[in-house]
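Report on the structure given below.
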Amino acid sequence: MKNQSNEVVIDTAQDGFYKGFNHVVTLTSKMLIMVLVLWALVFPDQAKAVLSKVNALVLGNFGTYYIYVMAFFAITAIALATVPKVGSITLGGKGSKPEFSRFSWISMMFGASIGVGMLTYSTGEPIYHFANNPDIIQGLVPAKQSETLESVYRYSFLHWGFSAWGIYALVGLALAYFGYNKGLPLTIRSVLTPLFGNKLNGTFGHVVDITAVLATILGIAVTIGYGVSQFASGVYNITGADWIMSDGAPTMTAMIVALVFVMALSTLSAVSGVGKGVKWLSNINMSLSGVLLLFFLIFGSSFLAIELLGKGTIDYLINFVSMAVNVEEKGTALGDWQAGWTIFYWAWWIAYAPAVGIFFARISKGRSIREFVLSATLIPSFVCFIWFTFVGGTALDLELSGLAEGKILGANISAQIYETLNVLLSETGAKLMSAVIVVLLMTFLVTSADSAILVVNTINAGGSMAQTPRSHIIVWGVFLTALIGALLIAGGLGVIKTAMIIGALPFSVIMVLMTISLIKALLSHKVESQDTDETLLKST
């Protein structure tokens, strides 16, 4: 059978276990994942050493490329939304209605993207940059003082603002436009048709989709790796069980147990589909996020947070372009900071972009391009800013006042938000709020993992959005669990990060081509009467 739309023809099996799936994309992706799993399990030291060497080569030779290409993606996404001819186009054309309410729609976008990372880094990044950031390295501000605070949020907002969300919006827009407006399969290769046409029907198209699958798996691996680490730290803060923590960090046993638990729930949620499991979990985690944020608003350092939010946002907006294109010299302290933070983040967002982009596209039919891009970029960015100032700002204030006595600064990144609660509240109160965070983290993890599983199966099925057979969802749940577990055993979160940075590079090249292709298609789009902002007005 052929999944055919206009210029894209994707062969899929007619019967058997892989009925409806492309054999080349599916089996090659699985084979490559299994090779990586077996390599990490059988030769962990070798895997760690080789991946580290390749990672060093990538950072040494492509660090500057990552900086410029991310700036290109973010600026392009925002620019497309502001061009009247482009922004008014409705995804799906006349008569297309949004499938989900705005609350559910935004909740799913947020929960399936960087909700997990936000919980870890809303405390972790401000605390780190309180002690070391480019302004401190250059001697412009002292470390760990009140004068340090503004520089803390300049860099935190850079990493969690328009660049992160703009890349998700760009990939989601490209897939939704070619899928709904051009009638092409909802898969990565479809976006490249204006550049390559029917060349995408064969080996080249398969390579594009396989690259997207591998990037997705490695991107979600980092997210889940950090998530299960923080999950284990939270359970320890509640129970005090000695086997969970060692030397201030989660033990391997605790992380593997947490991984299996979370992935089992994720697979069950994915089986229920986007309209049920993912939707309800997204609504739950958005609501719990509001509860947690309200807690920090009432009991945290609210006045400092509001000040940091205002100053940080203005500073970020003024300096966004200059920060986005700034490249530090390799081998210097500034270069090392940029490689460890900015380039790591850019690779993470790029690797995760196929999963988030396809998921965004699946839930966004009936939205105008302007509504889609601005909602997917501005709202989540500002929510991240609020989280970082209210949660991270409270942690910083506790350290500045001396109440924390270095406990938050000295904690593992997975435990810093819990140490903040321990300082702020009584023992019972800290345990109760830790339980809220653990539940919230679990919903974020499950939403992220099951959306990634659904997306991988969509790519493997040649872009088909039909309900994926449960057996394939379960298989990919097992594959993802095995990969994360193997990489953790081979060298912990550091090895997962290294593999992800390497895996993001080839997909970043595809993303450049996707962006050029999208611009070409949108600028030549024939504006029809139905492609107006009427859809936007109705949806609001």
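The values are calculated or read from the model by the stated rules, or taken from the named source; none is laboratory data. The shown structure was predicted, so the numbers you read here are calculated from the model rather than taken from an experiment. As a convention, Cβ positions derive from the backbone with ideal geometry for all residues, glycine included, and neighbour counts pool all protein chains shown. Just so you know, the surface numbers come from the protein's heavy atoms only, side chains and all, with ligands and any DNA or RNA stripped out. Shrake-Rupley method; radii C 1.70, N 1.55, O 1.52, S 1.80 Å.
Quick check on Lys182: is it under 12 Å from Leu518 (Cα atoms) and of a type outside the set (S, T, N, Q)?
In short, yes.
Looking at Tyr345, Tyr352, which one is assigned to a helix (DSSP H, G or I) and more than 16 Å from Leu170 (Cα to Cα)?
On inspection, the qualifying residue turns out to be Tyr345.
Let me spell it out: the conditions are (1) over 21 Å from the mean Cα position of the chain (by Cα); (2) crowded, with 21+ Cβ neighbours inside 10 Å, and Leu334 meets all of them except one. Which number is the exception?
The number of the failed condition is (2).
Can you report the number of residues in the range 219-254 which are modelled with pLDDT of 90 or more, in contact with a Ser or Thr (Cβ under 6 Å, 6 or more places away or on another chain) and either open to solvent by 10 Å² or more (accessible area, probe 1.4 Å) or among the hydrophobic types (A, V, I, L, M, F, W, C) (or both)?
Total meeting the criteria: 3.
Given the structure, is Leu445 of a type in the set (A, V, I, L, M) and open to solvent by less than 10 Å² (accessible area, probe 1.4 Å)?
Spelling it out, Leu445 is indeed of a type in the set (A, V, I, L, M) and open to solvent by less than 10 Å² (accessible area, probe 1.4 Å).
Quick one: which helices (runs of 4 or more DSSP H) sit completely within the range 406-501 and have at least 1 residues that are closer than 30 Å to Gly393 by Cβ and not aliphatic (A, V, I, L, M)?
Correct list: 416-424, 427-460.
Please specify each residue of the range 360-396 satisfying the condition of being among the β-branched types (Val, Ile, Thr) and over 30 Å from Ser302 (Cα atoms).
Ile363, Ile369, Val373, listed by residue number.
How many of the residues in the range 325-367 are of a type in the set (Lys, Arg) and more than 27 Å from Leu186 (Cβ to Cβ)?
Counting residues in the range 325-367 that are of a type in the set (Lys, Arg) and more than 27 Å from Leu186 (Cβ to Cβ) gives 1.
Select from the range 83-108 the residues that are of a type in the set (Val, Ile, Thr), part of a helix (DSSP H, G or I) and more than 24 Å from the chain's Cα centre (by Cα) and list them in ascending order.
Val86
So, in the range 51-85, of the ones that are of a type in the set (Ser, Thr, Tyr) and open to solvent by less than 40 Å² (accessible area, probe 1.4 Å), which residue ends up farthest from Ala499 (Cα to Cα)?
Top of the filtered list is Thr76.
Residue by residue through the range 140-187, note down the ones that are open to solvent by 10 Å² or more (accessible area, probe 1.4 Å), small (Gly, Ala, Ser) and part of a helix (DSSP H, G or I).
Ser146, Gly179
If you check Tyr168, Tyr121, Tyr180, which single one turns out to be within 18 Å of Ile379 (Cα to Cα) and touching a residue at least 24 places away in the same chain (Cβ under 8 Å)?
Tyr168
Any idea which of Lys94, Lys48, Lys30 is charged (D, E, K, R), in contact with a Phe, Trp or Tyr (Cβ under 9 Å, 6 or more places away or on another chain) and more than 30 Å from Met323 (Cα to Cα)?
Lys30
What are the pairs with Cβ atoms under 8 angstrom where one residue, in the range 387-404, is under 20 Å from Lys311 (Cα atoms) and in contact (Cβ under 8 Å) with a residue 24 or more places away in the chain and the other, located anywhere, is open to solvent by less than 20 Å² (accessible area, probe 1.4 Å) and of a type in the set (D, E, K, R)? Sequence gap at least six, or different chains.
So the pair list comes out as Phe388/Glu125; Gly392/Glu125.
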